[in-house]
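Below is one structure; the comments refer to it alone.
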Amino acid sequence: MIIRHYSKRSFILCLAALLLLVSVAVYAAPIPFPSLNIGVGTATKPNDVAVTVQIFLLLTIMSLAPGLLIMTTSFTRISVVLSFLRTAMGTQAAPSNQVILSLSLFLTFFIMTPVWQQINKDAYQPWKAQQISQDQAMERAVKPVRTFMLSQTREKDLALFVSLSKLPRPKNAEDIPTLTIIPAFMISELRTAFQIGFLIYIPFIVVDMVVASVLMSMGMMMLPPVMISLPFKILLFVLVDGWGLVIGSLVKSFG
């Protein structure tokens, strides 16, 4: 027992000595870390001021990127329609908000890819090759987005925001400012999304009414109709390939 006690003690001492040597080696050879210095100084050249303003504008645009993604793309219509679909089915949290937002985001990428490819071809690549200036690149980049928004915007909504902005009557679409097109586009998207949501609600309401009528005729008025109709609504949705119909109709609505 004494020998075993001393062997255990010697093992602990050896382990402590090994840890001490490792720690000394680590401190003796410190790991180099990259340094980053950020300072605020006085600009001595006009170019320094221009670069500072560009960085500030870039950071502002990056902070507004989620809002721009929602306001100028198909994201609004898709997310609202999918939310209507979940509510009409009565599944509460299935699919979850994360699933709906992720599906809406990737469908937005799918629909907006031709627009972004045109921006890359007409604006970004020439600017990267220094063939056009930054102002020309921005002007070319806005045109495909304006064309997409105008193709999905009702004239009534455009006229509303033109009148609210108190601008002179535009001769054509080129005379309408982009900041006037964006809210008109969002209003039109919400209107279209609510129209699609109404059409989605109809078959599920019919199922609820049929189940409620059957339960009342059987005298089972204390049983909530939602508990019985939910499996039938899910079965109906699966049999008619509901996801394919809804997603296909959403994508085709932007054609």
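The values are calculated or read from the model by the stated rules, or taken from the named source; none is laboratory data. Predicted model, so just to flag it, every value in this text is computed and none were measured. Here Cβ is always computed from backbone atoms with ideal geometry, including for glycine, and neighbour counts include all displayed protein chains. The accessibility values were calculated without ligands, DNA or RNA, using every heavy atom of the protein model including side chains. Shrake-Rupley method; radii C 1.70, N 1.55, O 1.52, S 1.80 Å.
Over 21 Å, how big is the tail of the calculated P(r) for region 152-255, in percent of all Cα pairs?
57
Heavy-atom accessible area per residue, region 86-223, 1.4 Å probe: how many Å²?
Result: 67 Å² per residue.
Using a 10 Å cut-off on Cβ atoms, rank the peptides 69-76, 93-100 from the highest mean neighbour count down.
Per-residue Cβ counts within 10 Å, averaged per peptide and sorted highest first, yield 69-76, 93-100.
Would you list which aspartates and glutamates come within 13 Å of K171, measuring only between C-alpha atoms, while excluding same-chain residues fewer than 8 positions from it?
none
Taking K252 as the anchor, which aspartates and glutamates have their alpha carbon closer than 18 Å to its alpha carbon, excluding any fewer than eight residues away along the same chain?
Counting by Cα, and skipping residues close in sequence, K252 has these aspartates and glutamates nearby: E189, D241.
Could you rank the peptides 139-147, 222-230 by their average count of other C-beta atoms within 10 Å per residue, with the highest value first?
Numbers: 139-147: 16.4, 222-230: 14.4.
Going from most to least packed, we get 139-147, 222-230.
Cross-link partners among aspartates and glutamates for K128, C-alpha distance below 17 Å, same-chain residues fewer than 8 apart left out?
Reachable aspartates and glutamates: E139.
Please report, as a whole percent, how much of the solvent-accessible surface of region 117-216 comes from carbon and sulfur atoms (probe radius 1.4 Å).
Summing carbon and sulfur atoms, their accessible area is 62 percent of the total for region 117-216.
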